[in-house]
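Quick notes on the structure that follows.
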Amino acid sequence: METFGVVVIGAGPGGYPAAIRAAQLGASVALVEREYLGGACLNWGCIPSKAFIHTSDLYAQMRSSASLGLKAEKTSFDYAAIAERKDQVVRTLRNGVKQLLAANGVKVFEGTASFESRKRIVVNSKSGNTVIGAEKTIIATGATSSMPGFLPQHERVMDSRAFLDLKSTPARALVLGGGVIGCEFACMLAQLGVQVTIVEILEDIVALLDADVRRELRRRMENALGIRILTGKSLENIKADGKAVRGTVGGEVVEADLLLAALGRKPVTQELQLENAGLKTNQQGFIEVDEHARTQVATIYAIGDVTGGPQLAHAATSQGLVAAENACTRHLRKNEKCIPYCIFTSPEVGAVGITEQEAQQKGLEVKTGKFNFAALGKSLAIGHPAGFVKWVADAKTEQLLGAQVVGVHATELIAEATTAIRAELTATELAQTIHSHPTLAEAWMEAADVLLGEPIHTIAKRPR
């Protein structure tokens, strides 16, 4: 039996960086993956969906280019070619991960891992079972799409992974779930001319955002993209046949060519046989860890979606590096708490830190500063005046605690806010930081000025 200093189970955005970091720290490392290197993010999630979204964004801009004085007549798209490009991007990145692991001396096992004991792992593959020893183990098995039992089993009803394998677009799509995944796919489809309806049982879409950000996003999705959004009601009486998929929402019949289920994700733990290692999941099925990524068993760590934390690739990567360092050194490092969210809708949304509504729920005294892109020179110059940036700061110290942005390139802009919040900057320090002109990032400086009551490029509200 071959024994390794660290065995990582799962080669997603948390697992493979953990394996590389452990190898860099001198450990002998094995990485077990049952499907493809890169995990769900690279193969069926973040990367392929963003390849599609980028193309749909570009197509939408071409169709609306007349407002910029451009003529792009008879625009069209080849969805099969778009899908092939997506596959090529995925293959390129997957091969890059393979090369990185090899260069760092990580031994990759293809198969499904399960615990025989705390320090013995069985890898089940097509060629049979292999037992390997593990002084330390990092569980990074991630999560998979949740498909409730009330949905009919039919080719017209699918999760996001199956949707990404389509080679043509439907004329009509029904999206069940108005969270991040549902809204991203809805926007992508709508920009390609698909008639889209979202059904969300909650009172609004993307509930993790502040109400003003949700309003801006929803307004653009409904008015600019023509997406129909039905909230506060459930989709019932769902049936699918060779012609369509149908259901009722509050007594109204809705029909489409396919139904995309975007109802969240569930942890992948069922094949691990955790009980053999002295582990168990909580009531929600997640593996609980402490702030150092350690489980109840001293030699076993867990990271990413399987732990019930933020289901974000970059959060898993950060946790993976922490787990590897804690497994290989005597210096414990805590998981990072300042984690940005990026939502690739149209318009994009970025968020980090505490929201205004969370502050209110916790009884914290905060003040906010908001600056509209419509008042920013760069936004107008590039033809994207919609949206705004927003700071949330401590009312007394003016330390920046949270930020949200909705509008063009929001997923890039949130990086500055993340850095500022992690560095514990105040609104004054941010406002006094010179920002290049003309840029979209100036909006953060302007919003800090607004928070301080000293705006330059917007009219200050007079005290009552």
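The values are calculated or read from the model by the stated rules, or taken from the named source; none is laboratory data. Treat the numbers as computed from the prediction; the structure is a model and nothing was measured. Cβ atoms come from the backbone with ideal geometry, glycine included; neighbour counts cover every protein chain shown.
Looking only at residues in segment 125-148 that are at pLDDT 95 or above and touching a Ser or Thr at 6+ places or on another chain (Cβ under 9 Å), the one that is surrounded by the most Cβ atoms within 10 Å (Cβ to Cβ) is 139. Quick check, is residue 65 assigned by TED's automatic domain parsing to the domain that holds residue 309, surrounded by fewer than 16 Cβ atoms within 10 Å (Cβ to Cβ), under 18 Å from residue 273 (Cα atoms) and among the small types (Gly, Ala, Ser)? Against the criterion (assigned by TED's automatic domain parsing to the domain that holds residue 309, surrounded by fewer than 16 Cβ atoms within 10 Å (Cβ to Cβ), under 18 Å from residue 273 (Cα atoms) and among the small types (Gly, Ala, Ser)), residue 65 does not qualify.
Listed here are the residues, each with its yes/no results for (1) polar (S, T, N, Q); (2) farther than 23 Å from residue 183 by Cα; (3) at pLDDT below 95.
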{"site": "366", "(1), (2), (3)": "no, yes, no"}
{"site": "374", "(1), (2), (3)": "no, yes, no"}
{"site": "381", "(1), (2), (3)": "no, yes, no"}
{"site": "385", "(1), (2), (3)": "no, no, no"}
{"site": "396", "(1), (2), (3)": "no, yes, no"}
{"site": "415", "(1), (2), (3)": "no, no, no"}
{"site": "419", "(1), (2), (3)": "yes, yes, no"}
{"site": "422", "(1), (2), (3)": "no, yes, no"}
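In segment 235-249, of all residues being part of a loop (DSSP other than H, G, I, E, B) and without any contact (Cβ under 8 Å) to a residue 12 or more places away in the chain, the one that is farthest from residue 174 (Cα to Cα) corresponds to 242.
Which residue, of 322, 352, 297, 306, is over 25 Å from residue 31 (Cβ atoms) and aliphatic (A, V, I, L, M)?
Numbers: 322 fails: over 25 Å from residue 31 (Cβ atoms); 297 fails: over 25 Å from residue 31 (Cβ atoms); 306 fails: over 25 Å from residue 31 (Cβ atoms).
Exactly one of 322, 352, 297, 306 is over 25 Å from residue 31 (Cβ atoms) and aliphatic (A, V, I, L, M), namely 352.
When we screen 37, 31 for residues that are under 28 Å from residue 124 (Cα atoms) and part of a loop (DSSP other than H, G, I, E, B), the only hit is 37.
Given the criteria in contact with a Cys (Cβ under 8 Å, 6 or more places away or on another chain) and either surrounded by 15 or more Cβ atoms within 10 Å (Cβ to Cβ) or at pLDDT 95 or above (or both), does residue 6 qualify? Judged against the criteria, residue 6 is a match.
Would segment 327-341 turn up any residue that is under 30 Å from residue 59 (Cβ atoms) and either in a helix (DSSP H, G or I) or aliphatic (A, V, I, L, M) (or both)?
Here is the first cut: in segment 327-341, the ones under 30 Å from residue 59 (Cβ atoms) are 340-341.
Next cut, either in a helix (DSSP H, G or I) or aliphatic (A, V, I, L, M) (or both) only: none.
Scanning segment 327-341 turns up no residue that is under 30 Å from residue 59 (Cβ atoms) and either in a helix (DSSP H, G or I) or aliphatic (A, V, I, L, M) (or both).
Counting only residues that are within 30 Å of residue 50 (Cα to Cα), within 26 Å of the chain's Cα centre (by Cα) and not small (Gly, Ala, Ser), segment 88-144 holds 18 of them.
When you go through 403, 427 one by one, which is the residue that is small (Gly, Ala, Ser), in contact with an Asp or Glu (Cβ under 7 Å, 6 or more places away or on another chain) and buried (at least 19 other Cβ atoms within 10 Å of the Cβ)? It would help to see each step written out before you state the result.
Numbers: 403 fails: in contact with an Asp or Glu (Cβ under 7 Å, 6 or more places away or on another chain).
Answer to the check: 427.
Looking at 307, 299, which is the one that is crowded, with 17+ Cβ neighbours inside 10 Å, touching a residue at least 12 places away in the same chain (Cβ under 8 Å) and of a type in the set (Val, Ile, Thr)? Selected residue: 307, the only one of 307, 299 that is crowded, with 17+ Cβ neighbours inside 10 Å, touching a residue at least 12 places away in the same chain (Cβ under 8 Å) and of a type in the set (Val, Ile, Thr).
Does residue 199 satisfy being assigned by TED's automatic domain parsing to the domain that holds residue 186, part of a loop (DSSP other than H, G, I, E, B), crowded, with 20+ Cβ neighbours inside 10 Å and not charged (D, E, K, R)? Give the steps one after another, and end with the answer.
Working: assigned by TED's automatic domain parsing to the domain that holds residue 186: yes; part of a loop (DSSP other than H, G, I, E, B): no; crowded, with 20+ Cβ neighbours inside 10 Å: yes; not charged (D, E, K, R): yes.
No.
Scanning segment 416-459 for residues that are without any contact (Cβ under 8 Å) to a residue 24 or more places away in the chain and touching a His at 6+ places or on another chain (Cβ under 6 Å) yields a single hit, 445. Taking segment 357-388 as the range and being at positive phi and either buried (at least 16 other Cβ atoms within 10 Å of the Cβ) or part of a strand (DSSP E or B) (or both) as the test, only 387 passes.
The numbered conditions (1) in contact (Cβ under 8 Å) with a residue 24 or more places away in the chain; (2) under 22 Å from residue 94 (Cβ atoms) are all true for residue 35 except (1).
Would you check if residue 48 is part of a helix (DSSP H, G or I), touching a residue at least 60 places away in the same chain (Cβ under 8 Å) and touching a Ser or Thr at 6+ places or on another chain (Cβ under 7 Å)? It would help to see each step written out before you state the result.
On the way: part of a helix (DSSP H, G or I): yes; touching a residue at least 60 places away in the same chain (Cβ under 8 Å): yes; touching a Ser or Thr at 6+ places or on another chain (Cβ under 7 Å): no.
No, not satisfied.
Counting the residues of segment 340-395 that are closer than 28 Å to residue 52 by Cα, within 21 Å of the chain's Cα centre (by Cα) and free of Cβ contacts under 8 Å to residues at least 60 places away in the same chain gives 1. Being out of contact with any strand residue (DSSP E or B) (no Cβ under 7 Å at 6 or more places or on another chain) and in a loop (DSSP other than H, G, I, E, B) is the filter; apply it to segment 219-234 and report the residue that is nearest to residue 151 (Cα to Cα). In this case the residue turns out to be 234. Scanning segment 13-51 for residues that are of a type in the set (Phe, Trp, Tyr) and buried (at least 24 other Cβ atoms within 10 Å of the Cβ) turns up just one, 16.
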